[in-house]
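Okay, so here's the structure we're looking at.
The values are calculated or read from the model by the stated rules, or taken from the named source; none is laboratory data. Here the structure is a predicted model, which means the values were calculated and not measured. Quick reminder, even Gly has a Cβ in these numbers, built from the backbone with ideal geometry, and neighbours come from all protein chains shown. In case anyone asks, the SASA skips ligands and DNA or RNA and just uses the protein heavy atoms, side chains included. Shrake-Rupley method; radii C 1.70, N 1.55, O 1.52, S 1.80 Å.
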Amino acid sequence: MIENNIEKLLKNKVSWLADSGPAEDIAISSRIRLARNIEGVPFPIAASADNLQHSQSAVEMALEKSKSIGGNAFIFRMDAIEPIDKQLLLERRLISTEFVQKSKGASLALRGDESIAVMVNEEDHLRIQALRPGMQLQEVWDIINRLDNELERQLPYAYDSKLGFLTSCPTNVGTGMRASVMLHLPGLVLSGQINAAIQGVSKLGMAVRGIFGEGTDNRGNLFQVSNQSTLGESEEQIIERLDGVIKQMINHEKNARINLLENNQYFLLDHVGRSYGVLRHAYTLSSEEALNSLSGIRTGVDMGMFSSVDLHTVNELFLSINPAHLQRFAGKHLDSKERDVYRAALVRERLKNLNSDS
Amino acid sequence: MLCDICKQNEATIHIQEIINGEKKTLNLCGDCAAKKSKNDPAFDIGGFNLAEMLYNLSENMEIPGLKLPEEQQEKAGADDTAAKLSCPGCGWSLQGLRKTGRVGCPQCYKTFRSVIMEALENMHRGKLHVGKKPGGSKDDESPRKMLELMNLQKELDELVQREEYEKAAEVRDTIIQLKESLKKQTGGKSK
């Protein structure tokens with residue numbers, strides 16, 4: 001495994017943003033994470049330093065032995081990397097906000113293409129995640145299920161025949177599975193239907209959140225829909241139900257866009273046009289303004305208004321404009337104002353070929 | 001991040017409201033969320049109310065003489081309260097569980113079983129794991145089918161109550177089929 005090579009990671013093409021997937025005009029990516037723990041070892045919240053080290057080396061060894069995350073994998077020890085690089089891993093959706101605070105005893109193992117990540121000693125001993133572009137929960141489940149089987153041959157999992165996989169938080173017990181799809185829903189937001197849609201989804205027992213999980217807002221019209229319940233249903237049943245709910249949401253979004261085009265065309269064109277203006281001509285750009293304008297451009301690309309720009313270029317910008325990425329690209333620390341200038345320059349450069357067809 | 005209301009405890013619940021297109025984020029600790037959900041009916045996010053669930057959880061743990069698993073009851077003695085219970089596996093206490101919403105080790109699920117089981121009912125769609133088992137197999141299909149049967153029965157009752165007889169008939173047929181297949185399975189096993 002390659003240790004602590006952020007530079008190499010930064011050069012990666014981020015598969016879940018840059019590659020094509022089903023229904024990618026609205027569904028950006030599909031993710032599943034499994035929470036697993038080692039039998040007989042205290043969970044990180046109650047663990048001593050020795051316990052943490054023990055579970056860390058046990059998991060790292062199992063990953064190495066099972067070869068389940070591939071030959072050119074990365075491993076990052078959280079006590080050996082800079083705070084800004086933790087932020088960078090967070091922006092790439094490879095670690096959680098909670099994990100950013102972790103240091104000794106915590107590590108992150110990654111498949112070379114970032115499609116699989118294993119957080120060691122987050123809230124649970126293992127948080128395994130698989131991430132693919134577009135709407136493909138079933139495929140993601142197949143990938144992560146196989147990996148989980150391989151790891152389980154090396155590690156005795158904490159399991160109870162009635163309660164399933166035992167986790168530090170009882171909200172994860174059972175399958176330990178959280179499946180989610182990231183959706184871009186400008187049509188529902190612009191037409192004022194998003195609130196009703198979110199409430200409808202909540203009533204079906206699913207959660208809707210901002211892009212970086214709990215406690216973040218919905219900048220860029222990006223929403224993450226996931227299952228709440230992990231007990232009483234099989235993994236396949238959860239995925240099937242979630243899949244159904246998300247397909248409905250995608251249909252609502254499509255209808256909302258058609259409706260806007262038919263009944264409120266200038267409002268929609270204005271939204272896309274202003275976003276175009278900002279991204280092409282601004283010299284300072286806050287993170288929020290950038291995300292919202294990128295959402296506008298993405299809407300325009302989806303509707304065929306900009307044939308010269310690829311959807312994936314816009315997707316990748318959603319990642320590149322984040323603070324830690326900007327500073328890594330710049331190769332130095334940038335304060336908030338400097339970042340806004342650098343961000344505007346980066347966006348202008350990347351979108352220089354963006355020409356409005358109309 | 002500290003709780004918006006008491007500004008003392010770590011906020012563990014983040015709630016977003018969109019009112020007339022304006023976003024509001026509320027960051028709360030478990031205690032304040034529980035209080036708020038009690039006083040503010042609009043706080044119910046439909047079907048799954050995390051705050052209410054936490055409230056129930058914390059309330060349960062404050063009741064002295066809460067029913068404990070038998071072996072714990074013997075150990076603790078009749079006068080002891082549930083609040084003094086701690087896990088022999090990791091030393092985790094009920095207070096720890098209440099404060100963080102987390103347990104300390106796999107054994108905690110046995111130690112705090114009665115408290116956890118009640119909370120689980122509010123969190124999840126069922127009380128029994130029907131998914132993957134270590135070893136990757138799901139050889140026994142019957143728990144899943146039993147569960148489905150229970151859900152369908154409930155649905156049938158509701159449909160009849162709402163006088164939606166056509167749909168009720170469909171559900172009834174599914175129930176009959178499911179019962180048949182369960183009979184075959186369990187019958188096959190016992191003979």
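Pairs meeting the criteria (first residue in the range A:227-247 and at positive phi, second residue buried (at least 21 other Cβ atoms within 10 Å of the Cβ) and small (G, A, S), beta carbons under 9 Å, at least 6 apart or on different chains) are A:G232/A:G174.
State yes or no: is A:I95 of a type in the set (A, V, I, L, M, F, W, C), within 15 Å of the chain's Cα centre (by Cα), assigned by TED's automatic domain parsing to the domain that holds A:A47 and not in a loop (DSSP other than H, G, I, E, B)? So A:I95 fails the test. When the range A:337-358 is filtered for residues that are under 24 Å from the mean Cα position of the chain (by Cα), open to solvent by 20 Å² or more (accessible area, probe 1.4 Å) and farther than 21 Å from A:E7 by Cβ, only A:D340 remains. The set of residues in the range A:294-314 that are in a helix (DSSP H, G or I) and either free of Cβ contacts under 8 Å to residues at least 24 places away in the same chain or surrounded by 22 or more Cβ atoms within 10 Å (Cβ to Cβ) (or both) comprises A:L294, A:S295, A:G296, A:I297, A:R298, A:T299, A:G300, A:V301, A:V314. If I filter the range A:251-273 for residues that are within 21 Å of the chain's Cα centre (by Cα) and either assigned by TED's automatic domain parsing to the domain that holds A:A35 or charged (D, E, K, R) (or both), do I get at least one hit? Checked against the condition, which is being within 21 Å of the chain's Cα centre (by Cα) and either assigned by TED's automatic domain parsing to the domain that holds A:A35 or charged (D, E, K, R) (or both), the range A:251-273 yields at least one hit. Residues in the range A:40-50 that are out of contact with any helix residue (DSSP H, G or I) (no Cβ under 7 Å at 6 or more places or on another chain), outside any loop (DSSP other than H, G, I, E, B) and touching a residue at least 24 places away in the same chain (Cβ under 8 Å): A:A49 only.
Going by the structure shown, is A:V278 aliphatic (A, V, I, L, M), over 28 Å from B:N151 (Cβ atoms) and touching a helix residue (DSSP H, G or I) at 6+ places or on another chain (Cβ under 8 Å)? Yes.
Within the range B:171-182, can you find the residues that are more than 12 Å from B:Q153 (Cα to Cα) and open to solvent by 60 Å² or more (accessible area, probe 1.4 Å)? Once the filter is applied, which keeps residues that are more than 12 Å from B:Q153 (Cα to Cα) and open to solvent by 60 Å² or more (accessible area, probe 1.4 Å), the range B:171-182 yields B:Q177, B:E180. For A:A73, are the conditions met, namely being assigned by TED's automatic domain parsing to the domain that holds A:K11 and modelled with pLDDT of 90 or more? Against the criterion (assigned by TED's automatic domain parsing to the domain that holds A:K11 and modelled with pLDDT of 90 or more), A:A73 does not qualify.
If you go through the range A:92-126 and keep only what is of a type in the set (K, R) and either more than 14 Å from A:I6 (Cα to Cα) or open to solvent by less than 10 Å² (accessible area, probe 1.4 Å) (or both), you end up with A:R92, A:R93, A:K102, A:K104. For the range A:140-159, the candidate set comprises residues that are within 9 Å of chain B (Cβ to nearest Cβ) and polar (S, T, N, Q); within that set, the residue that is nearest to A:G21 (Cα to Cα) is A:N145. I want to confirm something. Restricting to the range A:269-292 and keeping residues that are in a helix (DSSP H, G or I) and in contact with a Lys or Arg (Cβ under 8 Å, 6 or more places away or on another chain), which single residue is surrounded by the most Cβ atoms within 10 Å (Cβ to Cβ)? My answer is A:A290.
Look at the range B:18-36: where a residue is in the same structural domain as B:C6 (by TED's automatic domain parsing) and closer than 24 Å to A:I194 by Cα and a partner is modelled with pLDDT of 75 or more and open to solvent by 60 Å² or more (accessible area, probe 1.4 Å), sitting 6+ places away or on another chain with Cβ atoms under 6 Å, you get B:N27/B:M1. Out of all the residues in the range A:23-39, which are part of a loop (DSSP other than H, G, I, E, B) and facing chain B (nearest Cβ under 9 Å)? If the condition is that a residue be part of a loop (DSSP other than H, G, I, E, B) and facing chain B (nearest Cβ under 9 Å), then A:N37, A:E39 are the ones that fit. Residues in the range A:225-263 that are of a type in the set (D, E, K, R), open to solvent by 80 Å² or more (accessible area, probe 1.4 Å) and away from chain B (no Cβ under 13 Å): A:K247, A:K254, A:E262.
Quick check on A:D113: is it over 30 Å from A:N221 (Cα atoms), among the charged types (D, E, K, R) and either touching a Leu at 6+ places or on another chain (Cβ under 9 Å) or not in a helix (DSSP H, G or I) (or both)? No; evaluated as a whole, the condition is false for this residue. Residues in the range A:193-206 that are facing chain B (nearest Cβ under 8 Å) and either open to solvent by less than 70 Å² (accessible area, probe 1.4 Å) or more than 24 Å from A:G232 (Cβ to Cβ) (or both): A:I194, A:N195, A:I198, A:S202, A:G205. When every residue of the range B:61-81 is checked against the conditions, none turns out to be open to solvent by 20 Å² or more (accessible area, probe 1.4 Å), in a helix (DSSP H, G or I) and modelled with pLDDT of 65 or more. Take the range A:167-187 and flag every residue that is away from chain B (no Cβ under 11 Å) and part of a helix (DSSP H, G or I). Within the range A:167-187, A:P186, A:G187 qualify. Look at A:I69 and say whether it is assigned to a strand (DSSP E or B), among the β-branched types (V, I, T) and surrounded by 20 or more Cβ atoms within 10 Å (Cβ to Cβ). It is false that A:I69 is assigned to a strand (DSSP E or B), among the β-branched types (V, I, T) and surrounded by 20 or more Cβ atoms within 10 Å (Cβ to Cβ).
Set side by side, the residues A:A256, A:A196 differ, and just one is of a type in the set (A, V, I, L, M, F, W, C), without any contact (Cβ under 8 Å) to a residue 12 or more places away in the chain and farther than 30 Å from A:H125 by Cβ, which is A:A196.
Among the residues of the range B:87-105, those identified as under 17 Å from A:E123 (Cα atoms) and more than 8 Å from chain A (Cβ to nearest Cβ) are B:L97, B:R98, B:K99. Looking only at the range A:56-66, which residues are open to solvent by less than 70 Å² (accessible area, probe 1.4 Å) and either over 26 Å from the mean Cα position of the chain (by Cα) or among the aliphatic types (A, V, I, L, M) (or both)? Matches in the range A:56-66: A:S57, A:A58, A:V59, A:A62, A:L63.
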